[in-house]
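Have a look at the structure below before the remarks.
The values are calculated or read from the model by the stated rules, or taken from the named source; none is laboratory data. All figures in this text were calculated on a predicted structure; none of them were measured in a lab. With ideal geometry, Cβ positions are generated from the backbone for all residues, glycine too; neighbour counts draw on all protein chains shown. Calculation scope for accessible area: heavy atoms of the full protein, side chains included, ligands and nucleic acids excluded. Shrake-Rupley method; radii C 1.70, N 1.55, O 1.52, S 1.80 Å.
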Amino acid sequence: MTTFGENPFSPQEIASEGIKPEEYTEIVRRLGRHPNKAELGMFGVMWSEHCCYKNSRPLLKQFPTTGPRILVGPGENAGVVDIGDGLQLAFKIESHNHPSAVEPFQGAATGVGGILRDIFTMGARPIALLNSLRFGDLNDPKTQRLFAGVVSGISHYGNCVGVPTVGGEVYFDPAYSGNPLVNVMALGLMETSEIVKSGASGLGNPVLYVGSTTGRDGMGGASFASAELTEESMDNRPAVQVGDPFLEKSLIEACLEAFKTGAVVAAQDMGAAGITCSTSEMAAKGGVGIDFDLDKIPVRESGMIPYEYLLSESQERMLFVSEKGREQELIDIFHRWGLQAVVAGTVIEEPIVRIWFEGKIAAEIPADALAENTPLYERELLTEAPEYAQKAWQWTSDNLPVCNVEGIEIEGSLQSWNDILLTLLDTPSIASKSWVYRQYDHQVQNNTVLLPGGADAAVVRLRPLEATPNLTSKIENLKSGVAATVDCNSRYVYLDPYEGAKAVVAEAARNLSCVGAEPIAVTDNLNFGSPEKPIGYWQLSWACRGLSEGCRELGTPVTGGNVSLYNETFDAEGNPQPIYPTPVVGMVGLIPDLTKICGQGWQNAGDIIYLLGLSIQSKIELGASEYLAAIHNTIAGKPPRIDFDLERLVQKACRHGIRAGWVNSAHDSAEGGVAVAIAESCLSGNLGAEINFPISANHDSRFDEVLFGEGGARILVSVSGENQEKWESYLKEHLTENWQKLGTVANSGNLEILTADKHQLLQVSLEDMSDRYSQAISKRLAIYTNT
């Protein structure tokens, strides 16, 4: 047995780097010696879940990652897809959850900066941002502080850097009270003739450090992001990075200019794990080594030691491999943009990362050991669903009070369906997010076609700043656009990870179809609790299986994404409180003709309203619904099961109707069911609706299921009378029984829903709905903002 001398580190020191005892033993075996402090830190960040996906990688292998439009899949800084006309779109989603819990403004701001660097590192100019946010109960002052800080951070960075924030989603649930989620997605249009990759090559080629200076901010952020949040970690502000969006704007322009010279062999963003990650990943992907001198690095603080250099996550920094002899050409570009640029290393043959400091070797590790050949844990999967899920699945609507056409009795008093609808519209997760998106500049660059709040997905014009060698049409002749959405109903995933994850993919595709876009590819952000706990791993495993199946069924391969585990908060008694499993899907879709799109609001009084998908008479369950949670304080039941055959038919019909010019508005039925969807279309178009449900007042089904049940691949559309015959002829041929006429758009200023025998289920004014819907968030924040 080989011995390596006395361990220089205590178990506490090893654990503080996020390294398990058996992992430390493996490090010693690979090095043939004990690591020094800097090397221990390097392994700590690179072997964290945030960097190496040691718990999730086996599950990610099942995702479909290839397709006719996929140019770059998982493994690079961002995915890239072919969108026709010689145009290529880079896109990706990333999380900044733990930093945002500790310091919401900078945590969210640097999340934006980081995802933008992933995009322009590929050679793409960022054209749009979206975000998916989760917070606790909005009535809680702590939630209000986090929410206001995160939104302010996102708006600050995005607005200053000049990239429009065009869409997103925000949910509020006590499950996120200690651990908010901040997921940011970015899209970019390729400007270089070749996609820039990250694998280093060319022995003797210089390695350039470019961008900002290095300081002590963000120390060990990757390890911090891979551990549960405790009361102590809430004070860990050094692990939160500090961003400068104006410097990042210069970095975007300098990088794109540098890439166009052809002198850049490879490029890598210094994100999580900073210099450690960029050097080791570039070396490992290229099958080479990198010799790197920390004394060459421009710093903003004095007295830094190798450990601090290597683990710093100071923002707006990049690593380039340059063609030998052309490094000064690149340095001059960055100096012209007011940025740092120095030759700090060299590509070497031996596949190691060798770090120098003050003329001595500070660290020397095989690149593969840091970036590729990392620990892998295939955990045991529960053979049956955990007790909480089995108990929840036993719930049926028979547990609810009896209801009729008048309403439902709750806590001894009759609540009319008007009351219920207004309460749901006042629920922050359903209500208007205008308080959020009004803080974002969503029109900078002048390519945002559908504004936030106006449609089920964002739509951006594809208009490159200059002609590229790949472009097949003149810029002025381009008429295509890209649609993007981020989606996840985490309550569905909590109650049934497999079915819930399939529903996430289906809803994302449905949202794109509602603006006339054909879904083409996915980036995902897997936000879960601890995979080391049986329930956490069960949720993660089945959700990955559901996402994989959904993406295969709908033809939307996964191009990459992010895994954020250990989203748990330990309370003062040491009890872990995990979030709901939240696999956010960012999906992009192609719009061939920007004149053939639509939003969610009614356009004209007299237009006919149709429901595509399962009919009003169909049995729709209330399990996992927003109605059940908000009105009855019950999280139970099974989420809707996805019928992919029906989804494909409904979405194709919706897209066809929009592209044929028949459909004037389209909106999917999601949280709150068809009644909320109708109300939202009324509010968005500022027009009423006269709806006739083809059921009688003594109908067998529960009226709350009819009004507020979710699922059924449903899309609500409006069509002008002149197109009615053509539209209905198409529906009869392609959707057969899975559509029905519901009513007409009205100038009455009311939403009215009648039964077939003319009993009134609902009659609510636009004014009352708007008051609840538009003020729900701002009125809850009024106390916070006034203190």
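Here is how the numbers come out for the structure above:
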| item | result |
| --- | --- |
| Inter-part distance where the range 346-373 and the range 653-708 are each reduced to a Cα centre, Å | 61 Å |
| Heavy-atom accessible area per residue - the range 627-725, 1.4 Å, Å² | 31 Å² |
| Additional length obtainable on full extension of the chain from GLU384 to ASN477, 0.36 nm per residue less Cα span | 27.8 nm |
| Pair SER765, ASN604: separation of 7 Å Cα→Cβ label points (nm) | 2.9 nm |
| HN-Hα J in Hz across the range 694-711 - Karplus 6.51, -1.76, 1.60, θ = phi - 60°, x for Gly and Pro | x, 9, 8, 5, 9, 4, 5, 6, 6, 5, 5, 5, 5, 7, 10, x, 10, x |
| Surface share of carbon and sulfur [accessible, 1.4 angstrom probe, percent] for the range 37-86 | 52 percent |
| Heavy-atom accessible area ranking, 1.4 Å probe, most first, across GLU737, GLU248 | GLU737, GLU248 |
| Percentage relative contact order, the range 281-415, counting C-alpha pairs under 8 Å, at least six apart | 31 percent |
| Extension reserve of the GLN12-LYS533 stretch, reckoned as 0.36 nm per residue once the Cα distance is removed | 185.4 nm |
| Accessible area in the full protein assembly, largest first, 1.4 Å probe, for ARG145, ARG510 | ARG145, ARG510 |
| Whether the range 350-508 is rounded, prolate or oblate, judged on the alpha carbon gyration tensor where a/c under 1.5 counts as rounded | oblate |
| Proximal lysines to LYS726, defined as alpha-carbon separation beneath 30 angstrom and excluding residues fewer than eight positions away on the same chain | LYS479, LYS596, LYS619, LYS652, LYS741, LYS758 |
| Distance between modelled label sites at GLU573 and TRP393, nm, 7 Å Cα→Cβ extension | 2.9 nm |
| Partner lysines for LYS260 [C-alpha distance under 16 Å; skip if fewer than 8 residues away on the same chain] | LYS197 |
| Exposure ranking of GLU94, GLU13 by accessible area [1.4 Å probe, largest first] | GLU13, GLU94 |
| Relative contact order (percent, whole number), the chain, Cα cutoff 8 Å, 6+ residue spacing | 15 percent |
| Local net charge near ASN55, Cβ-Cβ under 10 Å (Lys/Arg +1, Asp/Glu -1) | 0 |
| Cβ-Cβ FRET estimate between GLN443 and ASP332, R0 fixed at 35 Å, reported to 0.05 | 0.50 |
| From phi via Karplus (6.51, -1.76, 1.60), per-residue ³J(HN,Hα) for the range 434-440 in Hz, x at Gly/Pro | 4, 4, 6, 6, 5, 7, 8 |
| Förster radius 51 Å - calculated FRET efficiency between SER193 and SER302, Cβ distance, rounded to 0.05 | 0.75 |
| For log10 I(q)/I(0) by the Debye sum over Cα atoms at q = 0.05, 0.06, 0.08 Å⁻¹, calculated from these coordinates, the label among [x] -0.30, -0.42, -0.73; [y] -0.57, -0.65, -0.87; [z] -0.26, -0.37, -0.65 | [z] |
| Candidate lysines for bridging to LYS37, where Cα separation is under 19 Å - those fewer than 8 sequence places away on the same chain excluded | LYS20, LYS360 |
| Of LYS391/LYS502; LYS92/LYS296; LYS54/LYS391, pairs whose Cα-Cα distance is over 25 Å | LYS92/LYS296; LYS54/LYS391 |
| Under the span-like rule (Cα at least 20 Å along the axis, Kyte-Doolittle mean at least -1.0), DSSP H helices of the chain | 104-120, 141-161, 245-260, 497-513, 534-554, 644-659, 766-785 |
